[in-house]
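*Asks:* Mind having a look at this structure? Questions to follow.
The values are calculated or read from the model by the stated rules, or taken from the named source; none is laboratory data. Nothing here was measured: the structure is a model prediction, and the numbers come from that model. For neighbour counting, all protein chains shown are included, and Cβ atoms are generated from backbone atoms with ideal geometry for every residue, glycine included.
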Amino acid sequence: MATVYQVGDFVGWTNMGQVNYQDWVANKNFHGGDTPIFNYNNQFHNVKKVTHQGFESCNATSPLATYTNGSDTVTLEKLGCFYFICGYPGHCQAGQKIDILVAPATSNLSPTPSSQISPISASTLSFSNLSWVSGVLLTICLLGFGY
């Protein structure tokens, strides 16, 4: 089941220093179909979906997508990394940026039942697969091969 997240919780999408977006995203587990909602004052902010390079350099000149209505919903439909920044000058540099890792849901990795695998082994195998896939996705994101 998909989860809806309000980016920055009750503070929303801002550069006022009230939210560390890297801390905010660190305790979230995003899966395909999840939806972050960016709530902000569109007179002072926007949301730009950018590449890893655009994220690292805070460069919003060639965004993959631009959102400007002040309550933007983005459905994360694929596995991988998604990068969002505020395109207003200085905002990204001040920390108004977020990278979201979309990992597979645990239930998608359950092994096929077998008479040779005990329930404990199946559980361990599922966790092992999840850890491996998440590790691969994280590595891909860190190397800049995300979306």
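*Asks:* For Gly70, are the conditions met, namely being surrounded by fewer than 20 Cβ atoms within 10 Å (Cβ to Cβ) and modelled with pLDDT under 95?
*Replies:* Working: surrounded by fewer than 20 Cβ atoms within 10 Å (Cβ to Cβ): yes; modelled with pLDDT under 95: no.
Criteria not met by Gly70.
*Asks:* I'd like the residue in the range 38-53 that is in a loop (DSSP other than H, G, I, E, B) and not hydrophobic (A, V, I, L, M, F, W, C) and, out of all such residues, is nearest to Ala94 (Cα to Cα).
*Replies:* Step one: filter the range 38-53 for residues in a loop (DSSP other than H, G, I, E, B), giving 40-46, 51.
This time we only want the ones that are not hydrophobic (A, V, I, L, M, F, W, C), so: 40-43, 45-46, 51.
Values: Tyr40: 16, Asn41: 17, Asn42: 18, Gln43: 18, His45: 13, Asn46: 14, Thr51: 18 Å.
My answer is His45.
*Asks:* A further question follows. In the list Gly80, Gly54, Gly17, which residue meets the criterion of being surrounded by 14 or more Cβ atoms within 10 Å (Cβ to Cβ), of a type outside the set (Asp, Glu) and either modelled with pLDDT under 95 or over 13 Å from Ile100 (Cβ atoms) (or both)?
*Replies:* Values: Gly80 fails: either modelled with pLDDT under 95 or over 13 Å from Ile100 (Cβ atoms) (or both); Gly17 fails: surrounded by 14 or more Cβ atoms within 10 Å (Cβ to Cβ).
Going through Gly80, Gly54, Gly17 in turn, the sole match is Gly54.
*Asks:* A further question on this structure: Determine which single condition Ala94 fails, assuming it passes every other condition in (1) touching a Leu at 6+ places or on another chain (Cβ under 9 Å); (2) farther than 29 Å from Met1 by Cβ; (3) of a type in the set (Gly, Ala, Ser).
*Replies:* Ala94 satisfies all of (1) touching a Leu at 6+ places or on another chain (Cβ under 9 Å); (2) farther than 29 Å from Met1 by Cβ; (3) of a type in the set (Gly, Ala, Ser) except (1).
*Asks:* Related question: If I filter the range 62-101 down to residues being of a type in the set (S, T, N, Q) and more than 12 Å from the chain's Cα centre (by Cα), which single residue comes out as farthest from Gln18 (Cα to Cα)? Even if it seems obvious, please write down each step before you answer.
*Replies:* The first filter runs over the range 62-101 and keeps only residues of a type in the set (S, T, N, Q), leaving 62, 66, 68-69, 71, 73, 75, 93, 96.
The next check asks that each one be more than 12 Å from the chain's Cα centre (by Cα); those that pass are 62, 66, 68-69, 71, 73, 93, 96.
Values: Ser62: 28, Thr66: 23, Thr68: 21, Asn69: 22, Ser71: 19, Thr73: 21, Gln93: 15, Gln96: 10 Å.
Among those residues, the one meeting the criterion is Ser62.
*Asks:* Output the residue which, of all residues in the range 9-31 that are of a type in the set (A, V, I, L, M, F, W, C) and assigned to a loop (DSSP other than H, G, I, E, B), is nearest to His91 (Cα to Cα).
*Replies:* Restricting attention to the range 9-31, the residues satisfying the condition of being of a type in the set (A, V, I, L, M, F, W, C) are 10-11, 13, 16, 19, 24-26, 30.
Now drop any that are not assigned to a loop (DSSP other than H, G, I, E, B), which leaves 10-11, 13, 16, 19.
Details: Phe10: 19, Val11: 16, Trp13: 11, Met16: 9, Val19: 13 Å.
Checked the range 9-31; the qualifying residue nearest to His91 (Cα to Cα) is Met16.
*Asks:* Report whether or not Gly90 is modelled with pLDDT of 50 or more and on the phi > 0 side of the Ramachandran plot. Give the steps one after another, and end with the answer.
*Replies:* On the way: modelled with pLDDT of 50 or more: yes; on the phi > 0 side of the Ramachandran plot: yes.
It is true that Gly90 is modelled with pLDDT of 50 or more and on the phi > 0 side of the Ramachandran plot.
*Asks:* Collect the residues in the range 58-86 that are in contact with a Cys (Cβ under 9 Å, 6 or more places away or on another chain) and farther than 16 Å from Lys28 by Cα, keeping them in residue-number order.
*Replies:* Cys58, Asn59, Ala60, Ile85, Cys86
*Asks:* Select, from Asn29, Asn59, the only residue that is over 11 Å from the mean Cα position of the chain (by Cα) and at negative phi.
*Replies:* On the way: Asn29 fails: over 11 Å from the mean Cα position of the chain (by Cα).
Sole residue among the options that is over 11 Å from the mean Cα position of the chain (by Cα) and at negative phi: Asn59.
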